[in-house]
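J.: This is the structure I have questions about; it appears just below.
Nothing in this text is a laboratory measurement; each read-out follows from the coordinates by a stated rule. Note that the coordinates shown come from a computational prediction; the quantities given were computed from them, not determined experimentally. Neighbour counts run over all protein chains shown; Cβ positions are idealised from the backbone, glycine included.
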Amino acid sequence: MAKIDVFNGDADGICALLQLRKAEATPGDEPRVLVTGVKRDIALLARVEAGAGDIVTVLDVSYDKNRDGVNRLLDGGATVRYFDHHRATDVASHAGFEVHIDPAPDICTSLIVDRYLNGRQRSWAVVGAFGDNLEKSAMRAAEPQGRSRADLESMAELGRYLNYNAYGRTVEDLYFAPAKLFEALLPYDDPLDFVRSDAAFATLRDGYREDITKAQTLVPTVNEDACAVFVLPDEPWAARVSGVFANMLASASKERAHALMTLRDDGAYVVSVRAPIAHPDGADTLCSRFPTGGGRKSAAGINELPASMADEFVEAFRDAYRGSR
Ligand SMILES: [Mn+2]
C-alpha cells in the first residue's frame, strides 16, 4: 500500500500538506511519495500511478484540471482524498473519493484542511492563508492563538516567502524545489522556529528582497484608477516575483484590478490577474475566455497567452474592471 501526496508547490499547498502530515503521523509511518512542482504545474495527477489499497491525497490543485487523473485512479482501485478551493464542476461521486472542495473567496486549501482537522495544526493554516494573500482570514484563524503582533508579522512573512518560492518557469528558477522546502519545514512544530533558526528562511528572505527591488522599478503599461497592467521580462527573477508582486500591488490599491504579463522566450505571455480586493470577483471568468486560462474569482491566470492575443486580453481586462466600479 502506498501513500502519495500530491500538492501545489506554493505556500497554500505546502501548508495544507504540513497540517495533514503532522496531524496524521503515526509511529513507523512509511515514507510517502511527494508529487509537486512550480505553482503553475497543476495537472499533477497525470503523473501519478496508483492502484488498489493506495491512498492519494491531493491538495490545492484544480479538480477540473485533474478530473481525468482522478477518474483513472478511482477506476484503478485507489482511494483519493481531495482538498481544494478552486472552482470545480461536476465533481465525481465514488465510494473511494473523499471530497473537500470549497471555492468561497475568503478560504484557501490550508483553511479547508484546518476545518477538517478542527484546528489541530492551526499555525500552519495561518501561514498558508497569509501565503494566499488572505490576510483577513489568516488573522481570524490566528485569533484564538493570542499571538503577538510581531509573531503574526513573522508568520505572514513566511507565508509570503513560501508563496514566492513557487513561482518560476521551471523548478530550476526556484530557490528550493517545493518538495525539498516541504521536507525542510516538516520537522518544525511551530512555523516561528523555522523563521528563527533555519538557513532556508534567510535564503528566501534575501532572494525575495532582491527580486522585489527589481520589480519596483517596473512602469505600468496601463495605469488607471480601476486597473493596471505590468509587463515583466523573460528572466528568472521576474518569474519568481510575479505572484508576490501581484499580491503586493493588490494590497496597496484595494479598489484596483491588476494584471501581470510575463514574457516567455517564445513571445507568449504568462498572465496573472488579481481582482480588486474590495470586489474580489471576475478574474476566473475573464481568464477562462482565453485558451489555457482559469483560476478563482479573486485570482486567476493564463498559462500561455499568444502574443497575437495580448491586445485583446488587455481590452477585455479593462472592460471587465471598469464596469465593476
Ligand atoms: Mn491555494
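J.: Using the Cα centre of region 3-207 as origin and beta-carbon charges of +1 (Lys, Arg) and -1 (Asp, Glu), tell me which of Leu20, Pro144, Val171 is placed farthest towards the positive end of the dipole.
T.: It is Pro144.
J.: Dipole magnitude of region 180-240 about its Cα centre, charges +1 at Lys/Arg Cβ and -1 at Asp/Glu Cβ only, in debye to the nearest 20?
T.: So the magnitude is around 140 debye.
J.: Can you tell me which of Val314, Val273, Val56 moves the most in a GNM of the chain? Springs connect C-alpha atoms under 10 Å apart.
T.: Among Val314, Val273, Val56, the largest mean-square fluctuation in the Gaussian network model of the chain belongs to Val314.
J.: Related question: Out of all DSSP beta bridges with both ends in the chain, state the antiparallel percent to the nearest 5.
T.: Here the antiparallel bridges make up roughly 40 percent for the chain.
J.: So, in nm, how far is label Thr170 from label Arg115 when the simple model puts each one 7 Å beyond its Cα toward the Cβ?
T.: 3.9
J.: Going Cα to Cα from Lys136, which aspartates and glutamates come in below 18 Å? Please leave out same-chain ones fewer than 8 positions away.
T.: Once the sequence-local aspartates and glutamates are set aside, what remains near Lys136 is Asp12, Asp102, Asp106, Asp114, Asp151, Glu153, Glu157, Glu255, Asp281.
J.: Moving to a separate point now. Quickly work out the Ala95-to-Thr26 label distance, labels modelled 7 Å from Cα along the C-beta direction, and quote it in nm with one decimal.
T.: Computed distance between label sites Thr26 and Ala95 equals 2.1 nm.
J.: Got a sec? How would Leu174, Leu44, Leu59 order by Cβ neighbour count within 10 Å, fewest to most?
T.: Leu44, Leu174, Leu59
J.: Among Lys180/Lys254; Lys3/Lys254; Lys65/Lys180, which pairs are too far apart, with a Cα-Cα distance over 30 Å?
T.: Lys180/Lys254; Lys3/Lys254
J.: Further question: Would you mind working out the magnitude of the charge dipole of the chain relative to its Cα centre, with +1 at each Lys and Arg C-beta and -1 at each Asp and Glu C-beta, to the nearest 20 Debye?
T.: 540
J.: What spacing in nm lies between the two simple spin-label points modelled at Asp102 and His279, each 7 Å away from Cα in the Cβ direction?
T.: With each label point 7 Å from Cα toward Cβ, the separation is 2.7 nm.
J.: Estimate the FRET efficiency between Thr213 and Met1 by the formula 1/(1 + (r/R0)^6), using the beta-carbon distance for r and 45 Å for R0, to the nearest 0.05.
T.: The value I calculate is 0.40.
J.: According to the square roots a ≥ b ≥ c of the eigenvalues of the Cα gyration tensor, what is the shape class of region 3-87, taking rounded for a/c under 1.5, prolate for a/b larger than b/c otherwise, and oblate for the remainder?
T.: oblate
J.: What does DSSP give for region 202-325 in terms of the percent of beta bridges that are antiparallel, rounded to the nearest 5?
T.: 75
J.: Okay, moving on. Quick one: length gained pulling Glu235 to Glu135 fully straight, 0.36 nm per residue minus the C-alpha distance?
T.: Going from the current span to full extension adds 33.1 nm.
J.: Turning to a different aspect of this structure: Counting each pair of different Cα atoms once, what's the Kirkwood radius of region 250-325 in Å, rounded to one decimal?
T.: 12.1
J.: Around Arg289, under 12 Å between beta carbons, what's the net of Lys plus Arg minus Asp minus Glu among the other residues?
T.: -4
J.: In addition: Please rank Leu34, Leu185, fewest neighbouring Cβ atoms within 10 Å first, as an exposure proxy.
T.: Going from sparsest to densest Cβ surroundings: Leu34, Leu185.
J.: How large is the charge dipole for region 132-186, taken about the Cα centre, if only the Cβ atoms of Lys, Arg (+1) and Asp, Glu (-1) carry charge, to the nearest 20 debye?
T.: With Lys and Arg at +1 and Asp and Glu at -1, about 120 debye.
J.: Also, I was wondering about something else. Sorted by mean Cβ packing within 10 Å, highest first, what order do the peptides 239-251, 296-308, 146-158 take?
T.: Per-residue mean Cβ counts within 10 Å order the peptides as 239-251, 296-308, 146-158.
J.: Another question about this same structure. Which of Val91, Val127 comes first, and how do the rest follow, when ranked by fewest Cβ neighbours within 10 Å?
T.: Going from sparsest to densest Cβ surroundings: Val91, Val127.
J.: Please identify, among Asp90, Asp68, Asp102, the residue showing maximal mean-square fluctuation in a Gaussian network model of the chain using a 10 angstrom Cα cutoff.
T.: Judging by the Gaussian network model, the answer is Asp90.
J.: What is the sum of charges around Leu174, taking Lys and Arg as +1, Asp and Glu as -1, for the other residues whose C-beta is under 13 Å from the C-beta of Leu174?
T.: 0
J.: Using +1 at the Cβ of each Lys and Arg and -1 at the Cβ of each Asp and Glu in the chain, identify which of Thr89, Pro276, Ala300 lies farthest towards the dipole's positive end.
T.: The listed residue farthest towards the positive side: Pro276.
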